[in-house]
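Here's the structure we're looking at; comments come further down.
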Amino acid sequence: MFETIKSIARQAGVIVLSADAPGVHEKDSRRNLVTQYDIQVQEFIRRQLLAAYPASHFIGEENNAQDDALHGLAFIVDPIDGTANFVRSYRASAICIAAVQDGVPTCGVVYDPYTNSLFSAQKGHGAWLNGLPIHVSDMPLAESIVCLGTASYYADTFDHTFRLARALFDAAMDLRRSGSAALDLCYVACGRADLMFEARLCPWDHAAAGLIVAEAGGRISQFSGAPASLTEKCSIIAANPHAWQEFFDRGFNVL
């Protein structure tokens, strides 16, 4: 299964790289966009996965491809994480596929076609970037690069997000924002960054990358410390163990 998912993600990346005139539409706000390629990539992934695993369930970001049954084998998919980046040719977007067995992630793949970077993990077996093992850093918060997502679809989170961003900017080395939660999480997994947070994400934003963080030796949870939800939107904090513990010990989770 692991090799199949990686192959499907790479094939989906070819579709992303071939994009021309993406045909942009708004979902529920001017910031929440969808393109014909989001739909095309998701449908390609759905067909490939269900052909290989016909008894499985499919949970995708875009319409008409959702099934919220997490019993048995399910796939949680974000066809293009970072759609706004994709629309503007910002070249920081990723294809995300997580395999979940009875509610527990077992495989995760995040593929950045622009840099040909394939992040992957298998539960209990570790995490990799293009086949080479990766591990989180051991940086304390004072020496950390912090990635943030602005949860730009949810106006009720803005004040909290930027209050937390300022507090972490003062405590850490610097901040980064890529526009792709999945890539930010993978950067934590491979030690390019040390902590990532976002006030509200959907399961398809973090299911694959969250497993990659965990298998790379990191910690991922909601701001409350509860496990990240695979059925509802939730906050996400992911970091190396040292920075993750500091986040809670210093009360950043309740700012």
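The values are calculated or read from the model by the stated rules, or taken from the named source; none is laboratory data. Given the structure is predicted, the values throughout are model-derived calculations rather than measurements. When we count neighbours, we look across all protein chains shown, and the Cβ atoms used for this are built from the backbone with ideal geometry, even at glycine. Each accessible area value is taken on the protein alone, full model and side chains, heavy atoms only, with ligands, DNA and RNA left out. Shrake-Rupley method; radii C 1.70, N 1.55, O 1.52, S 1.80 Å.
So here's what we get for this one:
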item	result
Single residue of the range 156-209 satisfying the filter (among the aliphatic types (A, V, I, L, M) and in a loop (DSSP other than H, G, I, E, B)) that is nearest to Arg46 (Cα to Cα)	Ala193
Which numbered condition Ile220 fails, given (1) over 29 Å from Arg88 (Cα atoms); (2) part of a loop (DSSP other than H, G, I, E, B)	(2)
Test result for Leu185, in contact (Cβ under 8 Å) with a residue 40 or more places away in the chain and either of a type in the set (Lys, Arg) or touching a Lys or Arg at 6+ places or on another chain (Cβ under 8 Å) (or both)	no
Residue match in the range 5-28 (condition: open to solvent by less than 60 Å² (accessible area, probe 1.4 Å), more than 24 Å from Ser117 (Cβ to Cβ) and either of a type in the set (S, T, N, Q) or at pLDDT 90 or above (or both))	no
The range 222-231, residues that are under 18 Å from Val100 (Cβ atoms) and either open to solvent by less than 10 Å² (accessible area, probe 1.4 Å) or modelled with pLDDT of 95 or more (or both)	Gln222, Ala226, Pro227, Ala228, Ser229, Leu230
Residue that is least open to solvent (accessible area, probe 1.4 Å), among those in the range 232-255 that are out of contact with any strand residue (DSSP E or B) (no Cβ under 8 Å at 6 or more places or on another chain) and assigned to a loop (DSSP other than H, G, I, E, B)	Gly251
Checklist (1) open to solvent by 40 Å² or more (accessible area, probe 1.4 Å); (2) within 17 Å of the chain's Cα centre (by Cα); (3) in contact (Cβ under 8 Å) with a residue 24 or more places away in the chain applied to Ala52, failing item	(2)
Lone unmet requirement of (1) over 13 Å from Ile134 (Cα atoms); (2) out of contact with any Phe, Trp or Tyr (no Cβ under 9 Å at 6 or more places or on another chain); (3) buried (at least 21 other Cβ atoms within 10 Å of the Cβ); (4) in contact (Cβ under 8 Å) with a residue 60 or more places away in the chain for His206	(4)
